[in-house]
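Notes to accompany the following structure.
The values are calculated or read from the model by the stated rules, or taken from the named source; none is laboratory data. Note that the structure is predicted; figures quoted are calculated from it, not measured. Because the Cβ atoms are built from the backbone with ideal geometry, glycine has one as well, and the counts that use them run over all protein chains shown. Note: accessible area is taken over every heavy atom of the protein model, side chains too, but ligands, DNA and RNA are not part of it. Shrake-Rupley method; radii C 1.70, N 1.55, O 1.52, S 1.80 Å.
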Amino acid sequence: MLPKSILPWTALLLLTGCASVSVKEPKQPKNIITLPTQKPDQIYVEPFSTKDAQFNVDREGAELATFKKDTACMLQDKLIKRLTELAPARAVSGQLPQTGWLIRGQFIRVNQGSRALRGIIGCGLGATKMETCVQVYDLSQSTTIPFLIFKTTGGSNAEPGAVLGAGPPDWITLGLVVAGTWNVVHGISEDAWRTAREIRNYLVTYCHNFD
């Protein structure tokens, strides 16, 4: 049996583990010039495009435009922080360097969900969602033809809310209530972290082919 002192943290880890982002539909375009054969010395990241993306959020007009821009910058920033574990990474816009890898992409869908439903009930109700399409370029070969394309999808998913913690006043109940409270405060920013992490993980796996 687990010691009571770690039960709430075990419950919290199990519950927050329900939130996830995954990579799907990876492919290499048929018109690739040459595939890379080694890890990049430098990675550049552009803000993801929000054009034609579905943003299901509680904003309109100028506020929505600002929200889209901020979300794109947020994902760019989190990607840069994650990608440094693979290679030095930095933001780029405008004129592109002649070497290194470039990551650009588009948002497909961003759902803000409901903080109240996530926090009180959870289990998919009020869930957040972030979906993107990612392209990776070898700048020494092309700035218009990516060598790798994939999509990411995921969000807060089936995390339980605090109502599921109702029960005897023990450590497990406390862990469930804490997890439900966490559902309220996190949202799209957490989805951006998860998305950045999975993009990094997928590229790390891709680079294993060079070993």
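Residue check: is Cys133 surrounded by fewer than 17 Cβ atoms within 10 Å (Cβ to Cβ), modelled with pLDDT of 90 or more and either hydrophobic (A, V, I, L, M, F, W, C) or assigned to a loop (DSSP other than H, G, I, E, B) (or both)? Here the answer is no, as Cys133 does not meet what is asked. Taking the criterion of being touching a residue at least 60 places away in the same chain (Cβ under 8 Å), open to solvent by less than 40 Å² (accessible area, probe 1.4 Å) and not polar (S, T, N, Q), the residues of the stretch 67-112 that qualify are Leu75, Lys78, Leu79, Leu83, Leu86, Gly100, Trp101, Ile103, Val110. All conditions in (1) in contact with a Gly (Cβ under 7 Å, 6 or more places away or on another chain); (2) open to solvent by 30 Å² or more (accessible area, probe 1.4 Å) hold for Ile43, with the sole exception of (2). Of all residues in the stretch 135-154, those that are at positive phi have Cβ atoms under 8 Å from Cβ atoms of residues that are outside any loop (DSSP other than H, G, I, E, B) and surrounded by fewer than 19 Cβ atoms within 10 Å (Cβ to Cβ), 6 or more apart or on another chain, in Gly154/Ser20; Gly154/Ser22.
Test each condition in (1) at pLDDT 80 or above; (2) not in a strand (DSSP E or B) for Leu176 and report the one that comes out false. The one condition Leu176 does not meet is (1).
Residue by residue, here is whether (1) more than 16 Å from Tyr202 (Cβ to Cβ); (2) at pLDDT 95 or above; (3) among the hydroxyl-bearing types (Ser, Thr, Tyr) holds:
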| position | (1), (2), (3) |
| --- | --- |
| Asn56 | yes, no, no |
| Thr71 | yes, yes, yes |
| Leu83 | no, yes, no |
| Leu96 | yes, no, no |
| Phe107 | yes, yes, no |
| Gly113 | yes, no, no |
| Ile120 | yes, no, no |
| Pro146 | no, yes, no |
| Lys151 | no, yes, no |
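Just so you know, in the stretch 1-40 the residues that are among the aliphatic types (A, V, I, L, M), open to solvent by less than 50 Å² (accessible area, probe 1.4 Å) and farther than 15 Å from Leu203 by Cβ include one that is modelled with the highest pLDDT, and it is Ile32.
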